[in-house]
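The values are calculated or read from the model by the stated rules, or taken from the named source; none is laboratory data. This structure is a prediction, so every number in the text was calculated from the model and none was measured. Counting neighbours? That spans all protein chains shown, and the Cβs are built from the backbone with ideal geometry, glycine included. Quick note on the areas: whole protein, heavy atoms, side chains included, nothing else; ligands and nucleic acids left out. Shrake-Rupley method; radii C 1.70, N 1.55, O 1.52, S 1.80 Å.
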Amino acid sequence: IRDLLSSYAIQPSSADLDLLLDPALRDRLRRSVRGVILDELPRGIAMRSQLEEAGDQPIRIVEGGQERVVHPDTVWDNADFYDRSRYHVPTTAPQGYEQLQRLILVRFMVPSLRPDWEATDRARERSRAVVNPIKAQIQKGQRVVPAREPVTDVDMERFRAYRQELERLGQADAGRRGLRALGGFLFNLVVLSLFGVLLFFFRENVYRNLRHVAVFTFLVLTLVGVAAVIGSYDTPIVALIPIAFPALVVATLWDGRLALNLSLVLAVLLAGQTPFLGIVALLTLVTGGAVASLSVRVVRRRAQSWGFIGLIAAGYLGAAVILGLLRGWPVEDLGAFTAWGAVNAVACAFAALGFMPLLEGFTRITTDQTLLELADANRPLLRRLSMEAPGTYAHSINVANLAEAAAGGIGANALLTRVGVYYHDVGKIAKPHYFIENQPSGRNPHDKLKPATSAQVVRNHVLEGLKLADEANLPEIVKDFIAEHHGTQSISFFYDQAKEANPDRELDPNDFAYPGPRPRSKETAIVMLADSVESAARVLPDPTPESIADLVDRIVQVKIDRDQLDEAPLTLQELAVIKAQFVNVLTGMYHQRIDYPPKDSGQEEPPAHSEGVREDIPAEARG
């Protein structure tokens, strides 16, 4: 079923597959889809893109030999069709049923109203035939512009018409025009090729990714298309060219350095076009693009988006002042230029924010804004973790504090590290009471299991976590923390138990090891270390700074000796910083407490507390 749907460009979720595997639900889905088609398509459904081509002009619908003229707004389009389909969903349908039905309709729907382009072209030709193509006539020898008089827009229109007529008669320098066109093509090719060379040599991962290249192509074509529309006016407003839009998108998806390079290349490209020749366009585009590229930071609140909008507007103000001094612009022209720049900044910012979810999904890049959304404790998966495995949730919070501090200390992505920790142990939701942090005092279900079975339960929390992550549509970069936070380590506690129970039996080490892979990024490697360190620090009898430092050194060295950090891009210097951050945070968490007086002093003594031994603590750290 998955392969069949994939062949039709439908990527089913696990819930979709479960639904389709149920014969009753599958038959109900077939009947509801058929009902949508039979009930809604006969109303007359057109594609929205085709209706938009008509604009506000009335359209003529021919049906059954009869014609009627209607306004485009009264015709249902494919979006209306999809909205109407929800009324055909049975009230008892399970979750995901409506979404799957919609996906099928989107993939296979054929509009019942289709444009007749030949009839449309004939109607347009008839309309053109009744329009006089001559706007004005100039007789031979007639003066076009009086001497020492200013040239108006009407005069420029006459000059252009005169030039076109000369070219039509073959009296203009057609050869020179062809050379100029060739020169313009070569100019555009060289400028765009510079950015391609930059990607090839310095951002090979972007250059090799077809999706990433497609986004850059979309951004360039969008900017050039809007600039062409602006340049078609007699007096183009350069401050309205949305150079900030591609800069903001690239800075958010990748980084400000790449965005700056792209905006500079685009500024040179547009400043070399005929409507924008000169220093005005070059300085305006360079300033707007550069400020937009360097002003993007992590937007943790919606109000912060106005921060870079203000910076971009300030950049246009600075460009206006410089151009005013160079060109002697009056104050009103400076104000108009700055106002148009501010409008452009607002439009580009909101366009970038609006397109970001689509571009993020298309490029499969997880931005900081998405990570902030995933860090919300009210997310369904995190809420389940806190309710069903509260001990694991508390452990994840402590590990997050450790890992975030270490990531910040070496310049890694601290936000990604914290979010990854939040989800790294979600697989324990499946069997929470098999992990010591969730067990009531004195009750350990592993006591009734064989060591191999216990190892399988502990090992499976990684696989269960990946399954839950798929169901929650977590990004791949977050799922890496689930798969890699234990690497391929041995579950030595139960392996030793199995050896002691049956010394003569030959055990498969893979049955007592996590599935992996080993950490492949700095962030996942930090989480592996922080997870083990936090678990081991809980059972330290005397958590002094010295004993904590010794514990951290011992655990990190074990990971190195067991080759768990071989694929992680960490240096020895960074490991030293990580260990120092661990010690600093753990010392604050387990600081020296006040010594209470003995019982006979009349004051209450705090109850004794024993954490027990967690199954995921390395054997070398126990005791």
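A few remarks follow.
- Considering the stretch 489-566, the qualifying helices (runs of 4 or more DSSP H), each wholly inside and each with 3 or more residues that are among the polar types (S, T, N, Q), run over 522-537.
- Qualifying residue in the stretch 265-272 (condition: surrounded by fewer than 19 Cβ atoms within 10 Å (Cβ to Cβ), on the phi > 0 side of the Ramachandran plot and modelled with pLDDT under 95): no
- Neighbours by Cβ (under 7 Å, 6+ apart or cross-chain): first from the stretch 456-472, over 15 Å from residue 385 (Cβ atoms); second open to solvent by 70 Å² or more (accessible area, probe 1.4 Å): 457/431
- For the stretch 302-310, the criterion of a residue being modelled with pLDDT of 90 or more and farther than 19 Å from residue 253 by Cα is satisfied by at least one position.
- In the stretch 42-87, the qualifying residues are those that are outside any helix (DSSP H, G or I) and among the charged types (D, E, K, R), and the one that is most open to solvent (accessible area, probe 1.4 Å) is 60.
- Restricting attention to the stretch 410-441, the residues being open to solvent by 30 Å² or more (accessible area, probe 1.4 Å) and at pLDDT 95 or above number 2.
- Residue 218 of a type outside the set (Ser, Thr, Tyr), open to solvent by 50 Å² or more (accessible area, probe 1.4 Å) and under 19 Å from the mean Cα position of the chain (by Cα): yes
- When the stretch 95-132 is filtered for residues that are basic (Lys, Arg) and out of contact with any strand residue (DSSP E or B) (no Cβ under 9 Å at 6 or more places or on another chain), the ones remaining, listed by number, are 102, 107, 122, 124, 126, 128.
Residue-wise test of (1) surrounded by 15 or more Cβ atoms within 10 Å (Cβ to Cβ); (2) within 26 Å of residue 17 (Cα to Cα); (3) not charged (D, E, K, R).
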| residue | (1), (2), (3) |
| --- | --- |
| 453 | no, no, yes |
| 465 | yes, yes, yes |
| 470 | no, yes, no |
| 475 | yes, yes, yes |
| 494 | yes, no, yes |
| 505 | no, no, no |
| 508 | no, no, no |
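Residue-by-condition table, conditions (1) in contact (Cβ under 8 Å) with a residue 24 or more places away in the chain; (2) over 27 Å from residue 367 (Cα atoms); (3) open to solvent by 70 Å² or more (accessible area, probe 1.4 Å):
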| site | (1), (2), (3) |
| --- | --- |
| 183 | no, yes, no |
| 208 | no, no, yes |
| 223 | yes, no, no |
| 240 | yes, yes, no |
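- Within the stretch 552-576, being over 36 Å from the mean Cα position of the chain (by Cα) and over 22 Å from residue 408 (Cβ atoms) holds for 554, 557, 558, 561.
- Yes/no for residue 539 being surrounded by 15 or more Cβ atoms within 10 Å (Cβ to Cβ), modelled with pLDDT of 90 or more and within 22 Å of residue 421 (Cβ to Cβ): no
- Taken over the stretch 408-441, the criterion of being closer than 12 Å to residue 523 by Cα and basic (Lys, Arg) is satisfied by 418 alone.
Yes/no per residue for (1) part of a loop (DSSP other than H, G, I, E, B); (2) touching a Leu at 6+ places or on another chain (Cβ under 8 Å); (3) more than 23 Å from residue 584 (Cβ to Cβ):
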| residue | (1), (2), (3) |
| --- | --- |
| 382 | no, no, yes |
| 396 | no, yes, no |
| 415 | no, yes, no |
| 419 | no, yes, no |
| 427 | no, yes, yes |
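- Among the residues of the stretch 362-393, those identified as loosely packed, with under 13 Cβ neighbours inside 10 Å and over 20 Å from residue 434 (Cα atoms) are 364, 373, 376, 377, 378, 380.
- The set of residues from the stretch 9-25 being in a helix (DSSP H, G or I) and surrounded by fewer than 13 Cβ atoms within 10 Å (Cβ to Cβ) comprises 14, 21, 23, 24.
- Test: residue in the stretch 294-317 that is closer than 23 Å to residue 183 by Cβ, out of contact with any Phe, Trp or Tyr (no Cβ under 7 Å at 6 or more places or on another chain) and surrounded by fewer than 14 Cβ atoms within 10 Å (Cβ to Cβ): no
- Contacts under 7 angstrom Cβ, first residue in the stretch 393-420 being closer than 23 Å to residue 373 by Cβ, partner open to solvent by 40 Å² or more (accessible area, probe 1.4 Å) and of a type in the set (Asp, Glu), 6 or more apart: 414/404; 415/368; 417/404; 418/404
- The set of residues in the stretch 365-378 that are assigned to a loop (DSSP other than H, G, I, E, B) and touching a residue at least 12 places away in the same chain (Cβ under 8 Å) comprises 365, 366, 367, 375.
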